[in-house]
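Encoded as structure tokens, the structure appears first; notes follow it.
The values are calculated or read from the model by the stated rules, or taken from the named source; none is laboratory data. Values in this document were obtained by computation on a predicted structure and should not be read as measured data. Please note: Cβ atoms are built from the backbone with ideal geometry, for glycine as well, and neighbour counts cover all protein chains shown.
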Amino acid sequence: MNETYFPDLHNEMAVLRLDATVRARRANIVVKAALFVSFAIALTVDLGTLDGKAMEVRAPLFLASAVIVPLLGWRRRWRPHAHVGDALLASPFLLDTLGNLLGFYDEYPQTDDVLHGLNWILLALAFHAFRFRNTGHTKDAVFLGYGFGAIAIIWWEAMEWAVSEDGWGGAGGLTLTYEDTIGDLILSSTGGLIGSLLGVWWLGRKVPLGKNDAV
């Protein structure tokens, strides 16, 4: 099926309107290009800011966020392509990579806390950007996005622990403590709740068909 259809013949979901805009496509391209360039630098240039950060281990997972949606969209012939969700999904991985590349994590200790909250806002928004392409139902949508964010941070912390324990990719720079983990869980799950609220309000609205106003 090439199109996403809804029973409402007079309205469409706001996210579908946004996906069809030039600015969404350009923003998606910029995010993807920045992520690939960042990893090209991280994997080829010897930078002290990346010592012990296991960038070789991060690369497959982080770069997968930039290619999995285009591949899925091509396979399923999405029209329009899910530019909003695509860019939102890759953005947290870009911000985390830039934080390491530019030395923000070492120079500014608050960077980790800020990005845990911000990145999970973006992830929850990405969840709704994909979800509202396929349904207009908003009942329990906030809790679905919140739950997605909570599950994501649990597995993220588990992955960080495994990498730091086994030293994969020279992950000696990951200093994990019980307090850090609990703080990350709280910050990220809260960010997921905020992102879910924003996603339902921003992307889950219905707009009249043929209306060209910015959504």
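Quick notes
- Among all residues of segment 131-139, there is none that is among the hydrophobic types (A, V, I, L, M, F, W, C), under 25 Å from LEU35 (Cα atoms) and either in a helix (DSSP H, G or I) or in contact with a strand residue (DSSP E or B) (Cβ under 6 Å, 6 or more places away or on another chain) (or both).
- Top-ranked residue of segment 26-53 - restricted to ones that are among the basic types (Lys, Arg) and buried (at least 17 other Cβ atoms within 10 Å of the Cβ), ranked as nearest to the chain's Cα centre (by Cα): LYS32
- Any chance GLY99 is under 30 Å from GLU12 (Cβ atoms), among the small types (Gly, Ala, Ser) and either under 17 Å from the mean Cα position of the chain (by Cα) or not in a helix (DSSP H, G or I) (or both): no
- Check on LEU94, loosely packed, with under 15 Cβ neighbours inside 10 Å and in a helix (DSSP H, G or I): no
- Single residue of segment 130-158 satisfying the filter (in contact with a helix residue (DSSP H, G or I) (Cβ under 8 Å, 6 or more places away or on another chain) and modelled with pLDDT under 95) that is nearest to PRO70 (Cα to Cα): TRP156
- Tally of residues being surrounded by 19 or more Cβ atoms within 10 Å (Cβ to Cβ) and either in contact with a Lys or Arg (Cβ under 7 Å, 6 or more places away or on another chain) or under 10 Å from SER196 (Cβ atoms) (or both) across segment 132-141: 1
- On inspection, ILE121 does not qualify as without any contact (Cβ under 8 Å) to a residue 40 or more places away in the chain and β-branched (Val, Ile, Thr).
- Qualifying residue in segment 75-88 (condition: more than 10 Å from the chain's Cα centre (by Cα) and over 17 Å from ALA20 (Cα atoms)): yes
- Scanning segment 31-47 for residues that are in a helix (DSSP H, G or I) and in contact (Cβ under 8 Å) with a residue 40 or more places away in the chain returns VAL31, LYS32, ALA34, LEU35, SER38, PHE39, ILE41, ALA42.
- Some residue of segment 73-87 being surrounded by 15 or more Cβ atoms within 10 Å (Cβ to Cβ), closer than 30 Å to ASN11 by Cα and basic (Lys, Arg): no
- Set ALA87, ALA82, ALA66, ALA54: member being touching a residue at least 24 places away in the same chain (Cβ under 8 Å), among the aliphatic types (A, V, I, L, M), more than 30 Å from GLY103 (Cα to Cα) and in contact with a helix residue (DSSP H, G or I) (Cβ under 8 Å, 6 or more places away or on another chain): ALA82
- Among the residues listed as ASP213, ASP166, ASP180, the single one being within 22 Å of HIS116 (Cβ to Cβ) and either among the basic types (Lys, Arg) or at pLDDT below 95 (or both): ASP180
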